[in-house]
Amino acid sequence: MLLKKLAFATALTLAAFTVQAQAQEPRHGGTIRFTAPYGASFVSNDSHVSNQIQDEIYGYALHSMLYKWDAKNGKPALDLAKSVTVSPDGKTYTYKLRDDALFHNGRKMTADDIIWSYTRIMDGSKNYPGARYIARIVGATDVQKGTAKEISGLKKIDDFTLEMTLTDKADPGYFLFQATTAIMPAKEAQAPDFFNKPIGLGPFKFVEHVPGSRMVFEKWEKYYQPGKPYADKLVISPMGEAAARDVAFRNKEIDVSILGSTQYVAYKADPNLSKGLLEVAEVFTRNMGMNPAFKPFSDKRVRQAINYAIDSDLIIKRLVRDKAYRAVSWLPLSSPAFDKNAKPYAYDPEKAKKLLAEAGYPDGFEFEWTATPNESWGIPIVEATIPMLAKVGIKVKVKPVETSALGGVIVKGDFQAYIWSNTSGPDSLTALKCFHSSTPRSSCNYTTFKNAAYDKLIDDASAETDAAKQLELLKKANALLQDEAPVWFFNYNKAVMAYQPWLHGLQPNATELALQRYEDLWVDATSPAAK
Amino acid sequence: MLPYVSRRLLQAVPILLAVAALIFVLFSVIPGNFATSQMADGRSNIDAETIARMNEQFGLNDPLPLRFAKYVGGLATFDLGDSFRTRQPVTGLIGERLWPSLQLAFAAMLFAVVVGVPLGFLAALKPGSWVDMLSMVFAVSGLSLPMFWLGLLLMYAFALTLGWFPSFGYGDGDPRYIVLPAIALGVSPLALLARTARAAVLEVMHADFVRTARAKGAGSYRVMRWHVARNALVIVLTTLGLQFGSVLGQAVVVEKLFAWPGLGSLLVDSVTWRDIPVVQGCILTIVLFFLVVNIAVDVLCAVVDPRIKYS
């Protein structure tokens, strides 16, 4: 019921937001003053180098990818191609590329640029983060290993026709929309000083990068979407400090700010600021992963007991300040395979005790819980669960680690339990494959989950060509996962962006709210930077 | 003077080497590395093969002594290596951040000296008066206030409420942008300088040579100008040197808060992502700055007070 209310409220907010944006005619001109909230700087001017969201934020202005994320419909859409045909086995994609996409030096993009960009990303000596996506093209890993110079799965039919063969049946739209797979100009990008003033295919041209302070862009007049972008200029300031962003936003120096839970409460309570909040259920699932190598966690009843023993709703309300949606299973609210009728584990300590007794732990047990200081999915949350778990006899020993070390600890399997926020979309199949027994821990099966029935559902879903049937299989897999409880399903992130009343066209991007299609944004005449 | 300066610079070499060794060992033993830090956002799964390839690429699989030898070898040729994150030379990254950091450090110290030293002198001239009380309350508060909190207060007061200054950013040569970060960074050295100046003036005012000067009929201004101020200045200068040297390191918090594009914000991001070459480079630069400033202050002290010899 609560979940339905939440989903309804979200839908209502989004609908109201969309209606508001549509009510006015977009205005041309002015400056958009955006913020990159995930650090004090951008890594570099080379979008292939960094996989951080911080860098994708500027990547969306400068570059275009083969696909883009259609935030309103929650699925990928073609960007640099006009159409695509898919082979019957679902592995070969033939793209009719745009013939009106011009790089910022005025040169027309061709299939060669895409082939060169993808080949560059697979350079084994550079370890570009986008390689994990391009590796799904046949022959890409040969380039990475140095046994081939060209990706055999990429064929140029003519300047504007490209054939791409994948290693397995998949929708490449889900992994070729990231800025780490940006299309760069093949010839120009090889110049030694190219990245001092890079060019791309995006809606905005690079003007300057003052490291640690700002990146400035100006409108690309020949952008392939007619009439776009609307703004003349875009300034993106890296601002990692939430408190500083708060002051700058209230002082009208920036147009958007991503809010933390403390600010979320304050902004919601403010009659003016509360009018400019965009809330989205992002594709991140906060969870406590349980290592089956630790004996108690090898028993499903113990894992279920943990889910019953923790009052997740209370923690979300009091600690996370309602800046999260209660998790049901792995797939988030925005997933098409999310079952709206499914109910989360209820808070039921008695049932938890009963399950523990059945599993042979009537007096409970003690385990070590690895956690970072993160306020939304770290030690503060673990500390809140300690008395709840103690009620059913489970003792928790907190093992603190630094955020940058957590991934290494988990990949090594050096934990009994951990708490983390993991991506659970946008592709539901890819997200659920993380729990397939053939997926190694180092890829994303962190709890080394193994269940034959689950594997079959995922295998069947992978092979299924009918979208509706595939969705049903994924729903079943997600339900099975909930029952098996390899993790404590805590919450789905509710990303909140505060925006100024003069900024329009924001998109509810569930993959990451801070990533916006700048060509759709516009500022009205009331903006201090309207001129 | 030149042999003295050369000798002091040579003495700085073992200090720099010790610092380099310390940072190197520290970042080799703490958990996590660049490859695993990429997974921190829970969004990017990096398989074991990629982690191994990255560690190989960055030489992290080499034995520690070999890595240190390579690093010191690079230092000898002013090569700080390449950043793991950006794949660019560390010297270049530091180069583009150094000037904004120096601007901020100089502005902060200018504020500290212009306000702090006269405040200390004033307080010492009328000990126990309301001027003394007020300036010392100000000094103690300045020393106790956390820089982050003070920065936020300044933002709220002068940017949000009064609208006099922008709350963040570097600007395009507009001096208004540096005012708030410089004040936030300068208040702590200001407080220390005020206290030091007060103590130094009080001490010198009770010295025999001051009493003699007064007994000889020298006027108050002459006594203060030629006897008290010059002698007290040596002590103030030494404190100033220590503060100036360390202000670059202290700027980390302020730079991050005000989105000031200096070494501090580069250092913070590099620590987060375990970009060890950049961390090492930044810390070495800060240490080098500290040493150079202190040598310069020693020289300056000798200029102010001829009794100090270059020995």
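The set of residues in region A:243-267 that are open to solvent by 20 Å² or more (accessible area, probe 1.4 Å), charged (D, E, K, R) and more than 9 Å from chain B (Cβ to nearest Cβ) contains only A:Lys252. Consider A:Met239 carefully, then state whether it is in contact with a His (Cβ under 9 Å, 6 or more places away or on another chain), open to solvent by less than 10 Å² (accessible area, probe 1.4 Å) and within 13 Å of chain B (Cβ to nearest Cβ). No, not satisfied. Going through (1) closer than 28 Å to B:Ile235 by Cβ; (2) hydrophobic (A, V, I, L, M, F, W, C); (3) at pLDDT 95 or above one by one, B:Met155 falls short only on (1).
Is region A:364-381 home to any residue that is over 25 Å from A:Arg321 (Cβ atoms), modelled with pLDDT of 95 or more and in a loop (DSSP other than H, G, I, E, B)? Full working, then the answer.
Residues of region A:364-381 over 25 Å from A:Arg321 (Cβ atoms): A:364-368.
With modelled with pLDDT of 95 or more added as a condition, the list becomes A:364-368.
Filter once more, keeping what is in a loop (DSSP other than H, G, I, E, B): A:364-365.
Yes, region A:364-381 contains at least one residue that is over 25 Å from A:Arg321 (Cβ atoms), modelled with pLDDT of 95 or more and in a loop (DSSP other than H, G, I, E, B).
Just one of the listed residues (B:Leu242, B:Leu267, B:Leu233) is under 15 Å from the mean Cα position of the chain (by Cα), open to solvent by 20 Å² or more (accessible area, probe 1.4 Å) and farther than 16 Å from B:Leu102 by Cβ, and it is B:Leu242.
Scanning region A:221-236 for residues that are open to solvent by less than 10 Å² (accessible area, probe 1.4 Å) and within 13 Å of another protein chain (Cβ to nearest Cβ) turns up just one, A:Ile236. For the condition touching a strand residue (DSSP E or B) at 6+ places or on another chain (Cβ under 6 Å) and either under 30 Å from A:Ser213 (Cβ atoms) or modelled with pLDDT of 90 or more (or both), what is the one hit in A:Val49, A:Val86, A:Val43? Checking each option against the conditions leaves just A:Val86.
Counting the residues of region A:31-86 that are β-branched (Val, Ile, Thr), within 14 Å of chain B (Cβ to nearest Cβ) and farther than 21 Å from A:Ala498 by Cα gives 2. On inspection, A:Ser213 fails the criterion of being in contact with a strand residue (DSSP E or B) (Cβ under 6 Å, 6 or more places away or on another chain), small (Gly, Ala, Ser) and within 14 Å of chain B (Cβ to nearest Cβ). Scanning region A:118-159 for residues that are away from every other protein chain (no Cβ under 14 Å), within 29 Å of B:Ser83 (Cα to Cα), surrounded by fewer than 23 Cβ atoms within 10 Å (Cβ to Cβ) and not hydrophobic (A, V, I, L, M, F, W, C) yields A:Thr119, A:Asp142, A:Thr147, A:Lys149, A:Glu150.
Could you tell me whether any residue of region B:254-277 is touching a residue at least 12 places away in the same chain (Cβ under 8 Å), among the polar types (S, T, N, Q) and away from chain A (no Cβ under 14 Å)? Within region B:254-277 (the criterion being touching a residue at least 12 places away in the same chain (Cβ under 8 Å), among the polar types (S, T, N, Q) and away from chain A (no Cβ under 14 Å)), the answer is no, since none of the residues qualifies.
Pick out, from region B:202-311, the helices (runs of 4 or more DSSP H) lying fully within it that include 3 or more residues that are closer than 30 Å to A:Glu402 by Cα and not hydrophobic (A, V, I, L, M, F, W, C). Steps first, answer last, please.
On the way: elements: B:208-215, B:229-257, B:263-272, B:276-304.
It comes to B:229-257, B:263-272, B:276-304.
Among residues of region B:1-15 that are within 15 Å of B:Phe290 (Cα to Cα), those with a beta-carbon under 6 Å from a residue that is in a helix (DSSP H, G or I) and hydrophobic (A, V, I, L, M, F, W, C) at least six positions away or on a different chain give the pairs B:Arg8/B:Ile295; B:Ala12/B:Leu291. Residues that are buried (at least 18 other Cβ atoms within 10 Å of the Cβ) and within 11 Å of another protein chain (Cβ to nearest Cβ) within region B:19-36 comprise B:Gly32, B:Asn33, B:Phe34, B:Ala35, B:Thr36, listed in sequence order. If the condition is being in a strand (DSSP E or B) and away from chain B (no Cβ under 14 Å), then region A:201-210 contributes A:Phe204, A:Lys205, A:Phe206.
The rows are residues; the columns are (1) facing chain B (nearest Cβ under 10 Å); (2) in contact with a Lys or Arg (Cβ under 6 Å, 6 or more places away or on another chain); (3) in a helix (DSSP H, G or I); (4) buried (at least 20 other Cβ atoms within 10 Å of the Cβ).
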residue	(1), (2), (3), (4)
A:Leu406	yes, no, yes, yes
A:Val409	yes, no, yes, no
A:Phe415	no, no, no, yes
A:Leu432	no, no, yes, yes
A:Ser438	no, no, no, no
A:Thr447	no, no, no, yes
A:Tyr454	no, no, yes, yes
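In summary, strands (runs of 3 or more DSSP E) completely within region A:30-115 and bearing 2 or more residues that are under 30 Å from A:Lys531 (Cα atoms) occur at A:31-36, A:67-70. Summed over region A:98-154, residues that are under 24 Å from A:Phe204 (Cβ atoms) and in contact with a Ser or Thr (Cβ under 6 Å, 6 or more places away or on another chain) total 3. Scanning region B:110-122 for residues that are farther than 14 Å from B:Val228 by Cβ and buried (at least 17 other Cβ atoms within 10 Å of the Cβ) gives B:Phe111, B:Ala112, B:Val113, B:Val115, B:Gly116, B:Leu119. Among the residues of region A:77-89, at least one is of a type in the set (Asp, Glu) and either closer than 24 Å to B:Asp82 by Cβ or open to solvent by less than 10 Å² (accessible area, probe 1.4 Å) (or both). Scanning region A:127-146 for any residue that is free of Cβ contacts under 8 Å to residues at least 12 places away in the same chain, over 20 Å from B:Gln38 (Cβ atoms) and either touching a strand residue (DSSP E or B) at 6+ places or on another chain (Cβ under 9 Å) or not in a loop (DSSP other than H, G, I, E, B) (or both) turns up at least one such residue.
Answer yes or no as to whether A:Phe195 is surrounded by 22 or more Cβ atoms within 10 Å (Cβ to Cβ), aromatic (Phe, Trp, Tyr) and under 27 Å from the mean Cα position of the chain (by Cα).
Here the answer is no, as A:Phe195 does not meet what is asked.
Could you check region B:154-171 and list, in sequence order, the residues that are within 9 Å of another protein chain (Cβ to nearest Cβ), hydrophobic (A, V, I, L, M, F, W, C) and either open to solvent by 20 Å² or more (accessible area, probe 1.4 Å) or touching a Gly at 6+ places or on another chain (Cβ under 6 Å) (or both)? Those that are within 9 Å of another protein chain (Cβ to nearest Cβ), hydrophobic (A, V, I, L, M, F, W, C) and either open to solvent by 20 Å² or more (accessible area, probe 1.4 Å) or touching a Gly at 6+ places or on another chain (Cβ under 6 Å) (or both): B:Leu160, B:Phe168.
Of all positions in region B:123-139, at least one carries a residue that is surrounded by fewer than 20 Cβ atoms within 10 Å (Cβ to Cβ), charged (D, E, K, R) and touching a helix residue (DSSP H, G or I) at 6+ places or on another chain (Cβ under 8 Å).
The values are calculated or read from the model by the stated rules, or taken from the named source; none is laboratory data. What you see is a predicted model, and the numbers here were worked out from it, not measured in a lab. Using ideal geometry, Cβ is built from the backbone for each residue, glycine included, and neighbour counts are taken over all protein chains shown. These area figures cover heavy atoms from the full protein model, side chains too; ligands, DNA and RNA do not enter into them. Shrake-Rupley method; radii C 1.70, N 1.55, O 1.52, S 1.80 Å.
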